[in-house]
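**Q** I am attaching a structure below and will ask some questions about it afterwards.
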Amino acid sequence: MTDYDAATAFLGGWGRFQKEVFFLLCLSVVPNGFSGLSIVFVADTPPHMCLIPAHANLTAAWRNSSIPLEEERNSGALVRSKCSRYKLEDVKRFSDGGLLPGVDVDLTNVSTESCLDGWEYDRSVYVSTIISEWDLVCDNRWKNPLTSSLFFCGVLTGSFISGQLSDRYGRKIVLFVTIAVQTLFTLFQAFSPSWTVFCAMFFVVGLGQISNYVAAFVLGTEILGPGVRTVFSTAGVSLFFGAGYMLLPVFAYFLRDWRKLLLGISLPGFLYVPLWWYIPESPRWLLSQGRVEEAEAILRDAAKRNKIQPPPVIFGPLQKELQCEMRKKVHNICDLLRSRNIRWISLTLWLVWNTVSIAYFALSLNTANLHGDAYFNSFLSAVVEMPAYTLSWAMFRWCSRRLSLFSTLFMGGLFILFIKLIPADLIYLAITLEMMGKFAVTTAFAIVYAYTAELYPTVVRNTAVGACSMASRIGSIIAPYFIYLRSYSISLPYILMGSITALSGLLSLLLPESYGMPLPDTIAHMQHFPGCCQKTPYTLTHSEEKENAADKKSSVVL
């Protein structure tokens, strides 16, 4: 808000207080890079085929020929079947009789059966994954994408409840409670005795993961000044998330058993306990709750850290009166749809977030399917995000928010669509285009987070960002099934992802512009939908009653 920024301008832009808040909050999101994408390695499917038990006593010729050859759906090459074998009873009879496969016995006439004795997995890349431990292949392969989707169902639930809890009880308490939830349940997950228990734990991990990310994001956005806020909300938290994502394949390379990997990525969470004493509550939120004295105490402590003498009175009577008016009404998620203006902004943002989430997570989860080493591909996918986050900061610093979001989404959609035009033998060109698409979509993801925080007012900001994140989780729940479509057609996921990403880029042009605008404080201070080039900064003379009256009038006219 204009008056808040003016009242706290005495702190300066980049003192010791701002540096501590900036780096500690950024540091708190590093584990999100671990847990959010650990499923790429934890649930990767190693090469496998039906197990031929040792007690069958087959000859070497029959043991090597006991698995039928099948035509691979996408390449047309003949490969060993993953889900069937020649009937063991018949094969054993042929072996005991001294007959040779393909010479004395026509294999096309031999009956097949399912993998009654389980599967044999290639251990050259992974010692163990949940796929190999619980045989989530063949008839049970549907459980693989469902595992990821259940995690994102937890993210959806966390997005729904954490924003409202944060707006009601405070950003700081929600941040640290959800960090604890994410850390402890990742640890519990490593001891899961079954796939069902694993998924239940994974659901709670997802709930904690998104909740602490959104709480840290909003807390930093509200505490930091306008100049630093832009860096924090785009490059800051995103680069630290990317750093966690980059460390994931390093952890996975050295910890190739899925249980050890989960243990390894859960332990860093315990290092965040001391941060409770260094990260303050949001003074903006305290003001919105009428807790003026607490807000002033935090700002005076900040001034002390910055070695600055604070003014005798930080918040004037007009500001305190405004905060009291804000406190009279308790806001919830329903307020995001209550009036016409905020309703259309919310619906548009929900669609955009949903599409960005589909593209981002589908491309991230697909790294294990790319040609080459899975660890290197995952690391490359993470490295691509670092310049993307830097670009998001540059665009957010100097460019129109609306045009920045449109250009990155539209270009990302085109890159993804172009992949299907690449011949099958040009594998590395296809990977390059996929990484370019990932680069553009990642940039859009960073931009839309910060853009959303600027469009919504303080009274519902955490709820709004949480609701947008919640809407995007529909996309992340669907994303694993986009990868699942590869079993029917390699190009189909790219056609669907590219089309909806480009279309959502066009849709984003309807959003209002927030570049150079102060953070809105109440719903009446929000920009109007559809957006236009003219900026209309709010003043303290605006009121929600005027906005509601205008909405009623426009509804009558319509």
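The values are calculated or read from the model by the stated rules, or taken from the named source; none is laboratory data. All of these numbers come straight from a predicted model, not from anything done at the bench. Cβ atoms come from the backbone with ideal geometry, glycine included; neighbour counts cover every protein chain shown. These area figures cover heavy atoms from the full protein model, side chains too; ligands, DNA and RNA do not enter into them. Shrake-Rupley method; radii C 1.70, N 1.55, O 1.52, S 1.80 Å.
**Q** Can you compute log10 of I(q)/I(0) for the stretch 325-479 with the Debye formula, treating each Cα as one identical point scatterer, at q = 0.10, 0.18, 0.19, 0.20 Å⁻¹?
**A** -0.41, -1.07, -1.15, -1.23
**Q** Please work out whether the stretch 346-407 counts as rounded, prolate or oblate from its C-alpha gyration tensor, where a ≥ b ≥ c are the square roots of the eigenvalues and a/c under 1.5 means rounded, while otherwise a/b larger than b/c means prolate and anything else oblate?
**A** Oblate, because a/c is 1.5 or more while a/b does not exceed b/c.
**Q** Normalise the Debye intensity by I(0) for the stretch 74-137, one equal point scatterer per Cα, no solvent, then take log10 at q = 0.12, 0.16, 0.25 Å⁻¹ and round to two decimals.
**A** -0.45, -0.73, -1.10
**Q** Can you check how the C-alpha radius of gyration of the stretch 144-222 compares to 2.2 N^0.38 Å, as a plain ratio?
**A** 1.12
**Q** Keeping every protein chain present and rolling a 1.4 Å probe, give me the accessible area per residue for the chain in Å².
**A** 42 Å²
**Q** Next up: Largest first, please: the extent of the C-alpha atoms of the stretch 27-122 along each principal axis, to the nearest Å.
**A** 68, 33, 19
**Q** Let me ask something else about it. Kindly rank 478-485, 200-207 from highest to lowest mean number of other beta carbons found within 10 Å of each residue.
**A** So the peptides 478-485, 200-207, ranked by packing, come out 200-207, 478-485.
**Q** Another question about this same structure. If you roll a 1.4 angstrom probe over the protein chains with everything in place, what fraction of the accessible area of the stretch 222-295 belongs to carbon and sulfur, to the nearest %?
**A** 72 percent
**Q** Heavy atoms only, probe 1.4 Å: what % of the accessible area of the stretch 3-117 goes to carbon and sulfur, would you let me know?
**A** Here carbon and sulfur together make up 53 percent of the probe-accessible area.
**Q** Next up: With +1 on the Cβ of every Lys and Arg and -1 on the Cβ of every Asp and Glu, and nothing else charged, how large is the dipole of the stretch 378-503 about its Cα centre, in debye rounded to the nearest 20?
**A** With only Lys, Arg, Asp and Glu charged at Cβ, the dipole is about 260 debye.
**Q** About the Cα centre of the chain, what is the dipole size in debye to 20, counting +1 per Lys and Arg Cβ and -1 per Asp and Glu Cβ, all else neutral?
**A** In total the dipole reaches around 1420 debye.
**Q** Apply the Karplus parameterisation 6.51 cos²θ - 1.76 cosθ + 1.60, with θ equal to phi minus 60°, to every residue of the stretch 253-269 and state each ³J(HN,Hα) to the nearest whole Hz, in sequence, with x for glycine and proline.
**A** Values per residue, Gly and Pro as x: 5, 8, 10, 8, 9, 5, 5, 5, 5, 5, 4, x, 8, 8, 4, x, x Hz.
**Q** If you don't mind, another one. Considering only protein heavy atoms and a 1.4 Å probe, what is the carbon-and-sulfur percentage of the accessible area of the stretch 386-492?
**A** Here carbon and sulfur together make up 78 percent of the probe-accessible area.
**Q** Ok, one more. Positive end of the dipole of the stretch 126-281, charges at C-beta (+1 Lys, Arg; -1 Asp, Glu), about the Cα centre: which of 175, 246, 274 has its Cα farthest in that direction?
**A** 274
**Q** Beyond 17 Å, how much of the Cα-Cα pair distribution for the stretch 201-281 remains, as a whole percent?
**A** Cα-Cα pairs in the stretch 201-281 separated by more than 17 Å: 60 percent.
**Q** Under 5 Å between amide hydrogens, which residues at least 5 positions from residue 141 or on another chain qualify, with H placed 1.01 Å from N in the peptide plane?
**A** The list, which skips near neighbours in sequence, is empty: none.
**Q** Grab the DSSP H runs of the chain that are 4 residues or longer, score each as -39,500 (n - 2.57), total them, divide by all residues and round the 222 nm result to the nearest 500 deg cm²/dmol.
**A** So the calculated ellipticity at 222 nm is -20000 deg cm²/dmol.
**Q** Projecting each Cα onto the charge dipole of the stretch 142-278 (Lys/Arg +1, Asp/Glu -1 at the beta carbon, about the Cα centre), which of 157, 263, 234 comes out farthest on the positive side?
**A** Working it through, the farthest residue towards the positive pole turns out to be 263.
**Q** Take peptides 254-265, 52-63, 278-289, 441-452 and line them up by average Cβ neighbours within 10 Å, highest first, as a rough protection proxy.
**A** 441-452, 278-289, 254-265, 52-63
**Q** Continuing with this model, one more query. Going by the alpha-carbon gyration tensor, a ≥ b ≥ c the square roots of its eigenvalues, is the stretch 1-57 rounded (a/c under 1.5) or, if a/c is not under 1.5, prolate (a/b greater than b/c) versus oblate?
**A** In terms of gyration-tensor shape, prolate.
**Q** Report, to two decimal places, the Cα Rg of the chain normalised by 2.2 N^0.38 Å (N = number of residues).
**A** Taking the Cα Rg and dividing by 2.2 N^0.38 Å, one obtains 1.12.
**Q** Follow-up question, since we're still on this one. Anything over 26 Å Cα to Cα? Flag those among 172/307; 82/143; 172/438; 172/304, in the order listed.
**A** From the list (172/307; 82/143; 172/438; 172/304), the Cα-Cα distance tops 26 Å for 172/438.
**Q** Let me ask something additional. Bin width 10 Å, alpha-carbon pairs only: give the P(r) of the stretch 391-444 as whole percents, running from 0 to the bin holding the largest distance.
**A** Distribution as computed: 27, 43, 21, 9, 0 percent.
**Q** Mind listing the Cα extents of the stretch 439-532 along all three principal axes, in Å, largest one first?
**A** Largest to smallest, the principal-axis extents are 50, 25, 21 Å.
**Q** Near the amide H of residue 121, under 5 Å away, which other amide H atoms are found, from residues 5 or more places off or on another chain, if H is placed in the peptide plane?
**A** Those lying under 5 Å, H to H, from residue 121: there are none.
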